[in-house]
Amino acid sequence: MRLPTLLSALLAGAATVALASDESTRTAAIYIQPLTDPSTPPSLLAELAIPDIDNDPSAPNSPEDDDAPIAAEVLSYSAPELPDEDDTTTTTNTNLVRIGIYSPAAGGGWISSTSVASTANFAKGYAPHFAVTVDGDGAYVGVACRGVAIDAGVTRDFGPQAVVLRTAPGSQPALGKPVVLSPEGRKVAEEGEKSFIQK
């Protein structure tokens, strides 16, 4: 191994550790699993640095718009092995994969909901864009991925990218006054406002 390659690998590893140990970020490991054989364990696809999202809108680092995506940094990405497209002996779902946040510790299990994507999202000429959804407490809800075609004129930002989306509580309906019914089941007419003398 050449010295410049070794040095750049060490610096990249140190930067990753420093970023992951920062108090304002945490690391999300995104895994991929082919749907043809669900018994195969999921493999690591990418690691993302997820910034902490403050729930207080008056906080200085809090986004003004809850629906606005927040940029996340892709720490590492390894392209999955794609099946041969010319192979006609395989079943039709060979080009489908499951993507989500997985925990290999303690027997393994999906931490978030999973999404199904086509392997065409990871083909040559496409850059995967990840969208990680978190709830108001910062817990992972789900992960989605889509491939974006790389423009030949683009000289930067053509690699994998990621954003974080935060769920917000839905709007509550504006309820009016309850309907008052008489013993006969008819709507009781509303009384007009009493004058000062009637009160």
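The values are calculated or read from the model by the stated rules, or taken from the named source; none is laboratory data. Keep in mind the model is a prediction, meaning the values are calculated, not measured. Because the Cβ atoms are built from the backbone with ideal geometry, glycine has one as well, and the counts that use them run over all protein chains shown.
For region 73-105, filtered to residues that are part of a helix (DSSP H, G or I) and under 19 Å from K124 (Cβ atoms), the residue that is modelled with the highest pLDDT is N95. Out of curiosity, is S39 over 24 Å from G159 (Cβ atoms), of a type in the set (G, A, S) and either surrounded by 15 or more Cβ atoms within 10 Å (Cβ to Cβ) or modelled with pLDDT of 80 or more (or both)? Considered against the rule, which asks whether it is over 24 Å from G159 (Cβ atoms), of a type in the set (G, A, S) and either surrounded by 15 or more Cβ atoms within 10 Å (Cβ to Cβ) or modelled with pLDDT of 80 or more (or both), S39 comes out as yes. For region 149-160, indicate whether the set of residues that are closer than 21 Å to A68 by Cα, of a type outside the set (S, T, N, Q), out of contact with any Cys (no Cβ under 8 Å at 6 or more places or on another chain) and in contact (Cβ under 8 Å) with a residue 24 or more places away in the chain is non-empty. Looking through region 149-160, at least one residue is closer than 21 Å to A68 by Cα, of a type outside the set (S, T, N, Q), out of contact with any Cys (no Cβ under 8 Å at 6 or more places or on another chain) and in contact (Cβ under 8 Å) with a residue 24 or more places away in the chain.
Would it be correct to say that I30 is aliphatic (A, V, I, L, M), in contact with a strand residue (DSSP E or B) (Cβ under 9 Å, 6 or more places away or on another chain), modelled with pLDDT under 85 and surrounded by 14 or more Cβ atoms within 10 Å (Cβ to Cβ)?
Values: aliphatic (A, V, I, L, M): yes; in contact with a strand residue (DSSP E or B) (Cβ under 9 Å, 6 or more places away or on another chain): yes; modelled with pLDDT under 85: no; surrounded by 14 or more Cβ atoms within 10 Å (Cβ to Cβ): yes.
Taking the combined requirement at face value, the residue does not satisfy it.
Take V180 and tell me if it is β-branched (V, I, T) and over 26 Å from I30 (Cβ atoms). Spelling it out, V180 is indeed β-branched (V, I, T) and over 26 Å from I30 (Cβ atoms).
Among the residues of region 116-136, count how many are surrounded by fewer than 16 Cβ atoms within 10 Å (Cβ to Cβ) and either closer than 14 Å to T27 by Cα or within 14 Å of the chain's Cα centre (by Cα) (or both).
The qualifying residues number 3.
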